[in-house]
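Have a look at the structure below before the remarks.
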Amino acid sequence: EKGGYDHYMLKEIHEQPTALRQAIAGRINGIEEGVDLSDLSLSEEFLASIDEIQFVACGTSYHACLYAKQLIEEFADVRATVEFASEYSIGSGRDPERTLVVGVSQSGETADTLRALRMAHRVGIRTLGVTNTVGSTMARECDDALYIRAGPEIGVAATKTFASQIIVLAMFALTVAETRGELDVTAGRELRRNLQGLPGAVQGVLNQNEDIKAVAEAYADGEAFFFIGRRLGGPVSLEGALKLKEISYDHAEGFPAGELKHGPLALVTEETPVLAILTDGTRPEETQNNVKEVQARGAPVIAIAADGYRGGHDVEFEVPDLGLLEPLVANVYLQLFAYHVANSKGRAIDKPRNLAKSVTVE
Ligand code: M6R
């Protein structure tokens, strides 16, 4: 059932190219054509009239929302906010008629996320559920549902669904932008091209599994691990750290690279590997300064870097040219890194201690 892999997590990491193709199928039909999200019944009038999109989610799905928020603001020029579902409140000064709440959940059963969506619904806000699970509570209760079509995810650590959530939300961003007359033709074409190129780029990372394993094993004894990146690299840093701590039980932290010198730098030593995202959409030139700061403290640096940003790091992994989806390609390196660190320690990767695949209590 694990298809020859030792763990569901590893199998699901490898299923990403297929999952991504399924998410795109019929929705992007060519670089020149608009995105077809006809499974969504939100009217054009409504999408054109909203002045805020509020995302609510937990864990990995929350990180996907942080990425999507930036894409929505970039492409559709509409305010987007992201809240932990467990912390959600509608906020003052919001017009329910001009607000859309988007819940994002792999399982569609996360209690905190369902609660936030119900709160919004109660005050008359329209809700959209983005989920992997057809017939889930989220899909049934929301006004609209958008499926990510990633196929079943069994490992407690969310992997393929993170990428699928982000690309479905990227297509949603294109739809909102187009409806509102905000879509820049060239930028839209480029994002569609990159969406189509993503499965191949992810496959390119998967093909390096053995190299990533060797690096993970070489650094597995680190005292703590830090993940840094800016802009779209921020959510990916958070996600990289979450994955590592969840399955390896090592201390890991991710944060926007600029925050490093405001505190966490005190923890950086020769024993704390730093994984840095240096790609398009992450202000790599600025992050390079932070990389120098940690190198000055002796920390080994593993750079996940696009052309032009490699050179001078202890380890370098390549990210191909894929515009604003490059951080998503970088994330696949981080997934495999976490997997191999945890596996080298003999952890219960598919069922980490204290955790459940779907969290149905608040
Ligand atoms: O099913 P959901 O997407 O709502 O689940 C949310 C979180 O519980 C989930 O992403 C959790 O953080 C994962 N175990 C992370 O790998």
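Only one of the numbered conditions (1) surrounded by fewer than 18 Cβ atoms within 10 Å (Cβ to Cβ); (2) in contact (Cβ under 8 Å) with a residue 40 or more places away in the chain; (3) charged (D, E, K, R) is violated by Glu259, and that is (2). Residue count for the range 1-58, restricted to those that are under 16 Å from Thr127 (Cα atoms), without any contact (Cβ under 8 Å) to a residue 12 or more places away in the chain and either in contact with a Phe, Trp or Tyr (Cβ under 6 Å, 6 or more places away or on another chain) or part of a loop (DSSP other than H, G, I, E, B) (or both): 1. Kindly check whether there is at least one residue in the range 274-289 that is over 22 Å from Tyr67 (Cα atoms) and crowded, with 21+ Cβ neighbours inside 10 Å. Checked the range 274-289: no residue is over 22 Å from Tyr67 (Cα atoms) and crowded, with 21+ Cβ neighbours inside 10 Å.
Return the only residue of Ala120, Ala145 being outside any loop (DSSP other than H, G, I, E, B) and more than 18 Å from Ile24 (Cα to Cα). Even if it seems obvious, please write down each step before you answer.
On the way: Ala145 fails: more than 18 Å from Ile24 (Cα to Cα).
None of the others qualify; the one that does is Ala120.
Screening Pro256 with (1) within 30 Å of Gly34 (Cβ to Cβ); (2) in contact with a strand residue (DSSP E or B) (Cβ under 9 Å, 6 or more places away or on another chain); (3) not β-branched (Val, Ile, Thr) gives one miss only, at (1). For the range 148-167, the tally of residues that are part of a loop (DSSP other than H, G, I, E, B) and either more than 13 Å from Asp350 (Cβ to Cβ) or more than 11 Å from the ligand (Cβ to nearest atom) (or both) stands at 6.
From the list Ile90, Ile31, Ile72, Ile24, the lone residue that is surrounded by fewer than 19 Cβ atoms within 10 Å (Cβ to Cβ), under 29 Å from Gly204 (Cα atoms), away from the ligand (no atom under 16 Å from the Cβ) and among the aliphatic types (A, V, I, L, M) is Ile31. Could you list, in sequence order, all residues of the range 46-68 that are farther than 13 Å from Leu100 by Cβ and either small (Gly, Ala, Ser) or more than 16 Å from the ligand (Cβ to nearest atom) (or both)? The answer is Ala57, Gly59, Ser61, Ala64. When Ala139 is tested against the conditions (1) touching a residue at least 60 places away in the same chain (Cβ under 8 Å); (2) out of contact with any helix residue (DSSP H, G or I) (no Cβ under 6 Å at 6 or more places or on another chain); (3) within 16 Å of Ala57 (Cβ to Cβ), the lone failure is (1).
In this structure, Leu114 does not satisfy being more than 11 Å from the ligand (Cβ to nearest atom) and either open to solvent by 10 Å² or more (accessible area, probe 1.4 Å) or hydrophobic (A, V, I, L, M, F, W, C) (or both).
Within the range 107-136, the set of residues being touching a Phe, Trp or Tyr at 6+ places or on another chain (Cβ under 9 Å) and without any contact (Cβ under 8 Å) to a residue 24 or more places away in the chain comprises just one member, Val134.
Let's see how each residue does on (1) open to solvent by 30 Å² or more (accessible area, probe 1.4 Å); (2) under 19 Å from Leu66 (Cβ atoms):
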{"position": "Met119", "(1), (2)": "yes, no"}
{"position": "Ile125", "(1), (2)": "no, no"}
{"position": "Ala157", "(1), (2)": "no, yes"}
{"position": "Lys160", "(1), (2)": "no, yes"}
{"position": "Ala163", "(1), (2)": "no, yes"}
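Here is a check on your reading of the model: is Ser86 over 20 Å from the mean Cα position of the chain (by Cα) and among the small types (Gly, Ala, Ser)?
On the way: over 20 Å from the mean Cα position of the chain (by Cα): no; among the small types (Gly, Ala, Ser): yes.
No.
Among the residues of the range 316-362, those that are within 30 Å of Leu191 (Cβ to Cβ) and aliphatic (A, V, I, L, M) comprise Val319, Leu322, Leu324, Leu325, Leu328, Val329, Ala330, Val332, Leu334, Leu336, Ala338. Among residues of the range 95-106 that are open to solvent by 10 Å² or more (accessible area, probe 1.4 Å) and near the ligand (Cβ under 8 Å from one of its atoms), those with a beta-carbon under 9 Å from a residue that is of a type in the set (Val, Ile, Thr) and not in a strand (DSSP E or B) at least six positions away or on a different chain give the pairs Gln106/Thr60; Gln106/Thr133; Gln106/Ile148; Gln106/Thr161.
Within the range 118-147, restricting attention to residues that are out of contact with any Leu (no Cβ under 9 Å at 6 or more places or on another chain) and β-branched (Val, Ile, Thr), the residue that is farthest from the ligand (Cβ to nearest atom) is Val123.
The set of residues in the range 210-233 being open to solvent by 10 Å² or more (accessible area, probe 1.4 Å) and under 20 Å from the mean Cα position of the chain (by Cα) consists of Arg230, Arg231. Restricting Gly254, Gly311 to residues that are open to solvent by 10 Å² or more (accessible area, probe 1.4 Å) and farther than 25 Å from Leu169 by Cα narrows the list to Gly311.
The values are calculated or read from the model by the stated rules, or taken from the named source; none is laboratory data. Note that the coordinates shown come from a computational prediction; the quantities given were computed from them, not determined experimentally. All Cβ positions, glycine included, derive from the backbone under ideal geometry; neighbour counts span all protein chains shown. The accessibility values were calculated without ligands, DNA or RNA, using every heavy atom of the protein model including side chains. Shrake-Rupley method; radii C 1.70, N 1.55, O 1.52, S 1.80 Å.
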